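The values are calculated or read from the model by the stated rules, or taken from the named source; none is laboratory data. All values derive from a computational prediction rather than experimental measurement. Cβ atoms come from the backbone with ideal geometry, glycine included; neighbour counts cover every protein chain shown.
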Amino acid sequence: MTSLAQHITRLRNSTFFSETLSHFKNYLSTRIATQAISFISIPVLTRLLSPEEYGTYNVFLSYTGLFSVLLTLNLSSAVGRYFYENKPDFRSFLGTVIIVNTIQLVVSTVAFLFILDRLSSWFSLPPLVIMIMPVVILIVLVDNLFQQLFQGLKESRKIAVVTIWRTYLTFGVGVVIVLLLAGNRYLGLIWGQIIIGLVVSVYLLHQMRPHISWKLETGHLRYIFSYSIPLIPYTLSGIILDQFDRIMINSYSGSASAGLYSFAYNIGMLLNVFSSALYQAWMPNFFEYMNKKDFSSLNVNAERMFRIILLAAVLLIYFGQDIGQMLAGRNYYESLHIVPVIVLGYVFYAIFPLYAWSMGYGYRTLWVSFIVLAAGIVNILLNRILIPHYGYEAAAYATLASFILMALMAWVTCRYILNLYTTPPSAILRPLAVLMLFTVAAALTQLFIKGPVIVFFIKILLAIGSAYALLGKYLRPPTVEQ
């Protein structure tokens, strides 16, 4: 017992636990806090807004996400990559990105005004909403630049504080304005987003000011465009993978089925919240390992990251349905059986960044876009074929298949097409086999044992066993060589 405690202390004092897990704590708390407001807002907004107003607001958010990529050409993504170049001209690089994006938004705003009525008809949004959309896109742009810069600086706490405060203040101010409006109350949410967003943007620019040189260096343009533009299909494909299945379910099976699927999907997607926070904390270390060609440390920590994610997956597979029953009424219970399928999908989704980062490091971002776009197209085709025949449950399996394809294509592309250094398959397959073993064990338990209390306790024992199988080797006393 003493040796175990000593080993845990040694791990906590190591670089991995003292630095990466410290940032992970900040990123995870941010994602939990923002995810919580998503749950809180649903019962609040559906009582304050009519279905038409609620729909208009969500359509506005969808178009804002789309145009924040298209109108800025995704240039902010180049900032995070160039930061790891460790070059002395980073300040002018960041200034160039900001100036170019500002010019793009000014031109886009003028274009919007010239064809305002036509855009209003195309998007089924009021002209006023179209007019203020570029302002919201500007707010999104400043936040993206701040995140890219301060993630590289390893200022995760500052990112967490800003994100949490902005999210909750935006929601609170928006609800207050909604209560003050007599009609078109969804505008209150948009005005809240703009008021808080502009105030926070001024603060963020002030924080970034020491790292910005306000001049346009044309020599940076080739790097900026060559890195960012190939990632546009990748970013847009993420929107397809996250949202298009719900759109198709609504079209083929109705809004009730879309609601049931969305509820189960949001529970399964908690794994992505966890894994994204973990990866976000570790990504600077990944690029440092690659710069130093310290592939041994990279492999060890990549496998450790993946094993931690798989343990979270086991817990969600085992207890996700119980979480769902605590969050919703009985009319939502029927969709909870697809939660494990969605969780498994996000397990394979968590494999993808390990190879996508290698492609990004090797300046092969066009391949990343191609892979994600291909997975998005496969997802659409599978949903088109399966949903009309098998209902909303089929969308979960279509998503799982798409994420498996995406992970496989990323590995094959890195290893055999681009000949880039990749995390060894053994680091993925061995812990993945453990997950599958314990997933099958839980399924058999539920199939052959009828008592819910007994099943619950067996799942607890299995969860403990999976934790030891996945992470036990990190808790054993080190050998002399280690």
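Details
- Reported count of residues in the stretch 440-469, each being small (G, A, S) and within 17 Å of H337 (Cβ to Cβ), is 2.
- Cβ pairs under 8 Å, 6+ apart, first in the stretch 390-416 and charged (D, E, K, R), second modelled with pLDDT of 90 or more: E393/I338
- Boolean, L141 is outside any loop (DSSP other than H, G, I, E, B) and within 20 Å of V200 (Cα to Cα): yes
- Within the stretch 43-82, restricting attention to residues that are of a type in the set (V, I, T) and over 26 Å from N144 (Cβ atoms), the residue that is modelled with the lowest pLDDT is T46.
- Residue match in the stretch 159-169 (condition: on the phi > 0 side of the Ramachandran plot and either touching a residue at least 60 places away in the same chain (Cβ under 8 Å) or not in a helix (DSSP H, G or I) (or both)): no
- All conditions but one from (1) modelled with pLDDT of 85 or more; (2) surrounded by fewer than 21 Cβ atoms within 10 Å (Cβ to Cβ) apply to L366; the one that does not is (1).
- Pick from the stretch 188-228, criterion among the polar types (S, T, N, Q) and under 27 Å from the mean Cα position of the chain (by Cα), ranking: surrounded by the fewest Cβ atoms within 10 Å (Cβ to Cβ): S226
- Hits in the stretch 65-89 (condition: more than 17 Å from D143 (Cβ to Cβ) and either of a type in the set (D, E, K, R) or surrounded by 20 or more Cβ atoms within 10 Å (Cβ to Cβ) (or both)): R81, Y82, E85, K87, D89
- Here I232 meets the list (1) surrounded by 20 or more Cβ atoms within 10 Å (Cβ to Cβ); (2) under 18 Å from S76 (Cβ atoms); (3) of a type in the set (V, I, T) almost entirely, failing just condition (1).
- Residues within the stretch 178-211 that are over 16 Å from K158 (Cα atoms) and among the hydroxyl-bearing types (S, T, Y), tallied: 1
- Single unsatisfied condition, I99 versus (1) free of Cβ contacts under 8 Å to residues at least 24 places away in the same chain; (2) not in a loop (DSSP other than H, G, I, E, B): (1)
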